[in-house]
Amino acid sequence: MAITHNLGFPRIGAKRELKFALENYWMGQSSRNELKTLGAQLRRRHWNDQAMLDLVPAGDFSFYDGVLDMSFTLGNLPDRVRGFNGDSLDNYFRVARGRSAQSSDAHTATCYGLHAGEMTKWFDTNYHYIVPEFTAETAFKLDASRLIEQLSEAKAQGITVKPVIVGPVTYLWLGKAKDGSNRLDLLPRLLPVYAELLQTLADQGVEWVQIDEPVLVTELNADWQHAFNAAYHDLKAARVKLLLVTYFGALQDNLYLAANLPVAGIHIDAIHARSDVQPLLNLLPAHKVLSLGVINGRNIWKTDLNAVLDWLEPIAQRMGERLWISPSCSLLHVPVDLAGEHKLDTEIKSWLAFALQKLDELKLLAIALNKGREAVRAELIANAAAVAARSASPRVNKRDVKAALAGLDASLGKRKSAYAARAKKQSSLLKLPVFPTTTIGSFPQTAEIRHARSEFKAGRLADTAYRRAMQEEIARSVREQEALGLDVLVHGEAERNDMVEYFGEQLDGYAFSQFGWVQSYGSRCVKPPILFGDITRQKAMTVEWTKYAQSLTQKPMKGMLTGPVTILNWSFVRDDQPRSVSCMQLALAMRQEVLDLEKAGVRIIQIDEAALREGLPLRKSQWQEYLGWAVESFRITANGVADETQIHTHMCYSEFNDIIASIADMDADVITIETSRSDMELLDAFDNFNYPNEIGPGVYDIHSPNVPTQEDIVELMKKAAQRIPRERLWVNPDCGLKTRQWGEVIPALRNMVDAAKTLRASS
């Protein structure tokens, strides 16, 4: 009998209940108890939603981030928050975002300037985690209260749960040593706390513990491989059974290592690591469980159940109860429920499965394996019909789009002149001062903006009234920027719901959910569009708004676009052709928009590629293929313009040091990147690489409500100027300001502009 289980469930709620509860608490509009009560309600609901499984995860729920949860469980708190008393949840939020609730922080002004924990992408996903901080002196102390509380709740509900924790080696791998020490030196100090945690879980009656070690799908040197052996031989005496969980890729050269660790079972992502299945079957001893992730936990297409059964049935016959099946990874990366999507195109909806539907698919597979396909014959027939209909749909494949791709010429990706020649022409045209100031594109999405958009989409606000409302917001953004003295302005993107969805809505080949939200970080949720077919652009998408904004000012106005790689990586992408093909289709569509902006007189065009790095394969040996087509897609988008047109790009909250050469190959005239949370650490790449073009290292952490001081910004820019010539430096925030409030934005940007003036005066 195959066993069913799940690795994790979306936290935010089908209607984003957690998002709104968090934001209300942070603004002081609800109490801590109300927030905690909402968390308990969501956990109860989600466990009930998974009750058809043999084992349900516990501890996967988080008020902000699971890695940050693990840091608090291990007592690994940064020194800067240790002096605060009161509820630990407030310290938790101080690390996550630099501040907790307004009411909780009112007792001291210190916390208004608290440095938030560094944030970066979780492997190759759009989820962000808070990076653990280490020094050579880091000590660990168990606080299992969070897990004990959730286990007690589950027991009261009658649910058989499997606690989920981040494994010790992955935890160290995810973190950063702030003093340059070796993280692995902390392993002997860390393992006793893990052993104590497992003992605590055993005392709570737990049989199985899911211990996530996704770092096993990356390239590990001998020291990290040895750390795995040391860690799990140290933990093998635990009175619980450990299910070692990997996902997002194949074990490859770590397969023998993983198979021989002293754990009770191992999980692999059979969507992305089918090649590991047969070798593991041959390597695993007869007492070990093999868990196979057979449902894609990162995309929303229906599973071809008959195809899965074709290869899974022989394994089930061989393994019996030692075979567990589950989604490939946590369902954190997909929306909660397709059932509420009443406005979604009926045909396309029939091709999809969200989290709850994926669990239904899992249950059908288990019935077919345990009782035979005849027991679910009708369901398998319906599934096969949906899969076949999608494959045959004329909406998916378009002959003219494929012909355009076939006719691509390498010259499309090349600027007319080299950067040095372009820079002179652009300088002469734009006449910007040294240390020019700008923002990344978006300004606060106020309640008024969201209300107008909602009313317009519901048909209660006429097109002319909606446009007038958006123009008023654009005019406000322009006025504020001129008053602040910014050098290069943006229109503020009032009309845009999301930097990807906005463009997807205007491109053929996309569909959109109404409630398909997924968590990006904390309370930040995104609703990825559904790329189901070949992509074409029918008309200009941004020109009208940008021209209107430019008409209000004599200062240069940036045209704002999202690049093809980011549109791809932040969409639910079709799985019936290579991602590179879809990306190139997007590049051709966005190239048309770039050329139309230039034709309209826009002389600075920013093409955001915030998600360039997150598409990297997890193994460096596979990077070059991805970077080849990703960079070429950007170049095709950007490089049809004249030398005088300045092309910007933006990247945020990722590590760029090891792909800096590929970023240079993009040949953007100006690149802006996140550096404030990492204290300009990302600029270390320029110690050994002579980046040829202009760069704006972000000096204002927009993911925190804290307002940076003028002095802090000056110091950050001085660090940048030690590596990059001052004449090639820009001053800008880390990212767009959409999620912030005007009351935070105005003083922060004023300090940024004043910092630029100070830098000019001192040079």
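The values are calculated or read from the model by the stated rules, or taken from the named source; none is laboratory data. As the structure is a prediction and not an experimental result, all values here were calculated from the model. Cβ coordinates were reconstructed from backbone atoms using ideal geometry, including for glycine residues, and neighbour counts include every protein chain displayed. Note: areas computed on protein heavy atoms with side chains; ligands, DNA, RNA excluded. Shrake-Rupley method; radii C 1.70, N 1.55, O 1.52, S 1.80 Å.
Quick check on my filter: what residues within the stretch 295-331 are over 19 Å from R390 (Cβ atoms) and among the β-branched types (V, I, T)?
I315, I325
Could we say that I567 is of a type in the set (V, I, T) and either more than 30 Å from A475 (Cα to Cα) or not in a helix (DSSP H, G or I) (or both) here?
Here the answer is no, as I567 does not meet what is asked.
Any residue at all in the stretch 595-608 that's in contact (Cβ under 8 Å) with a residue 12 or more places away in the chain and closer than 16 Å to V631 by Cβ?
yes
Kindly indicate whether W742 is open to solvent by less than 40 Å² (accessible area, probe 1.4 Å) and in contact with a Gly (Cβ under 8 Å, 6 or more places away or on another chain).
no
From the set of residues in the stretch 212-227 that are assigned to a helix (DSSP H, G or I) and more than 16 Å from Y247 (Cβ to Cβ), which is least open to solvent (accessible area, probe 1.4 Å)?
Only one residue fits best here, namely A227.
Being of a type in the set (V, I, T) and more than 27 Å from the chain's Cα centre (by Cα) is the filter here, so list the residues in the stretch 343-370 that pass it.
T346, I367
So which residues in the stretch 154-172 are part of a helix (DSSP H, G or I) and crowded, with 18+ Cβ neighbours inside 10 Å, if there are any at all?
If the condition is that a residue be part of a helix (DSSP H, G or I) and crowded, with 18+ Cβ neighbours inside 10 Å, then A154, P168, V169, T170, Y171, L172 are the ones that fit.
So, in the stretch 745-759, how many residues would count as being among the acidic types (D, E) and buried (at least 22 other Cβ atoms within 10 Å of the Cβ)?
0
What number of residues within the stretch 599-622 are surrounded by 17 or more Cβ atoms within 10 Å (Cβ to Cβ) and assigned to a helix (DSSP H, G or I)?
3
Within the group L331, L412, which residue is surrounded by 14 or more Cβ atoms within 10 Å (Cβ to Cβ) and closer than 22 Å to D304 by Cβ?
The unique qualifying residue is L331.
So in the stretch 537-581, with the set limited to residues that are among the hydroxyl-bearing types (S, T, Y) and either open to solvent by less than 20 Å² (accessible area, probe 1.4 Å) or modelled with pLDDT under 95 (or both), which one is nearest to G628 (Cα to Cα)?
Filtering first and then ranking leaves T566.
Given the criterion under 28 Å from L429 (Cα atoms) and of a type outside the set (A, V, I, L, M), identify the matching residue among D669, D712, D684.
D669
Just for the stretch 508-530: of the residues that are touching a Phe, Trp or Tyr at 6+ places or on another chain (Cβ under 6 Å) and either open to solvent by less than 20 Å² (accessible area, probe 1.4 Å) or part of a strand (DSSP E or B) (or both), which one is nearest to L22 (Cα to Cα)?
G522
Scan the stretch 649-670 and tell me whether some residue there is at pLDDT below 85, open to solvent by less than 10 Å² (accessible area, probe 1.4 Å) and of a type in the set (D, E).
No, every residue in the stretch 649-670 fails to be at pLDDT below 85, open to solvent by less than 10 Å² (accessible area, probe 1.4 Å) and of a type in the set (D, E).
Only one of these conditions is not met by Y700: (1) touching a residue at least 60 places away in the same chain (Cβ under 8 Å); (2) crowded, with 23+ Cβ neighbours inside 10 Å; (3) aromatic (F, W, Y). Which number is it?
(1)
When the residues of the stretch 228-250 are narrowed to those that are in contact with an Asp or Glu (Cβ under 8 Å, 6 or more places away or on another chain) and over 20 Å from L618 (Cα atoms), which ends up surrounded by the most Cβ atoms within 10 Å (Cβ to Cβ)?
Filtering first and then ranking leaves V240.
For L429, only one of the following conditions fails: (1) of a type outside the set (G, A, S); (2) over 30 Å from V670 (Cα atoms); (3) touching a residue at least 12 places away in the same chain (Cβ under 8 Å); (4) open to solvent by 60 Å² or more (accessible area, probe 1.4 Å). What is its number?
(2)
Confirm whether L405 is under 30 Å from the mean Cα position of the chain (by Cα), at pLDDT below 95 and assigned to a helix (DSSP H, G or I).
yes
Would you point out which residue out of V434, V518, V488 is farther than 30 Å from Y64 by Cα, under 32 Å from the mean Cα position of the chain (by Cα) and at pLDDT 95 or above?
So the residue among V434, V518, V488 that is farther than 30 Å from Y64 by Cα, under 32 Å from the mean Cα position of the chain (by Cα) and at pLDDT 95 or above is V488.
Just to be sure, is V396 in a loop (DSSP other than H, G, I, E, B), more than 30 Å from Q554 (Cα to Cα) and open to solvent by less than 60 Å² (accessible area, probe 1.4 Å)?
The answer is yes for V396.
Identify the single condition in (1) touching a Pro at 6+ places or on another chain (Cβ under 9 Å); (2) open to solvent by less than 20 Å² (accessible area, probe 1.4 Å) that E505 does not satisfy, given that it satisfies every other one.
The one condition E505 does not meet is (2).
If I filter the stretch 459-478 for residues that are in a helix (DSSP H, G or I), among the β-branched types (V, I, T), touching a residue at least 60 places away in the same chain (Cβ under 8 Å) and surrounded by 12 or more Cβ atoms within 10 Å (Cβ to Cβ), do I get at least one hit?
There is at least one residue in the stretch 459-478 that is in a helix (DSSP H, G or I), among the β-branched types (V, I, T), touching a residue at least 60 places away in the same chain (Cβ under 8 Å) and surrounded by 12 or more Cβ atoms within 10 Å (Cβ to Cβ).
Out of the residues in the stretch 371-388 meeting the condition of being open to solvent by less than 50 Å² (accessible area, probe 1.4 Å) and within 34 Å of the chain's Cα centre (by Cα), tell me which one is farthest from L588 (Cα to Cα).
Among those residues, the one meeting the criterion is L380.
Note down all Cβ pairs under 9 Å where the first residue falls in the stretch 165-183 and is more than 15 Å from D65 (Cβ to Cβ) and at pLDDT 95 or above, the second is open to solvent by 40 Å² or more (accessible area, probe 1.4 Å) and aromatic (F, W, Y), and they're at least six residues apart or on different chains.
Every condition considered, the pairs that remain are R183/W173.
Going through the stretch 306-328 one residue at a time, which ones are among the small types (G, A, S), more than 30 Å from Y521 (Cα to Cα) and either open to solvent by 30 Å² or more (accessible area, probe 1.4 Å) or within 32 Å of the chain's Cα centre (by Cα) (or both)?
Passing the criteria: only A307.
Given the condition part of a loop (DSSP other than H, G, I, E, B), more than 22 Å from R395 (Cα to Cα) and of a type in the set (V, I, T), answer yes or no: does some residue in the stretch 546-561 qualify?
yes
For (1) farther than 22 Å from A610 by Cα; (2) surrounded by fewer than 18 Cβ atoms within 10 Å (Cβ to Cβ); (3) not charged (D, E, K, R), each residue gets a yes or a no:
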position: T672; (1), (2), (3): no, no, yes
position: S704; (1), (2), (3): no, no, yes
position: E711; (1), (2), (3): yes, yes, no
position: G736; (1), (2), (3): no, no, yes
position: A761; (1), (2), (3): yes, yes, yes
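A483 versus (1) on the phi < 0 side of the Ramachandran plot; (2) in a loop (DSSP other than H, G, I, E, B); (3) open to solvent by 20 Å² or more (accessible area, probe 1.4 Å); (4) of a type outside the set (F, W, Y): which is the lone unmet condition?
(2)
Do any strands (runs of 3 or more DSSP E) entirely within the stretch 646-761 hold 3 or more residues that are β-branched (V, I, T), and if so, which?
Answer list for the stretch 646-761: 670-673.
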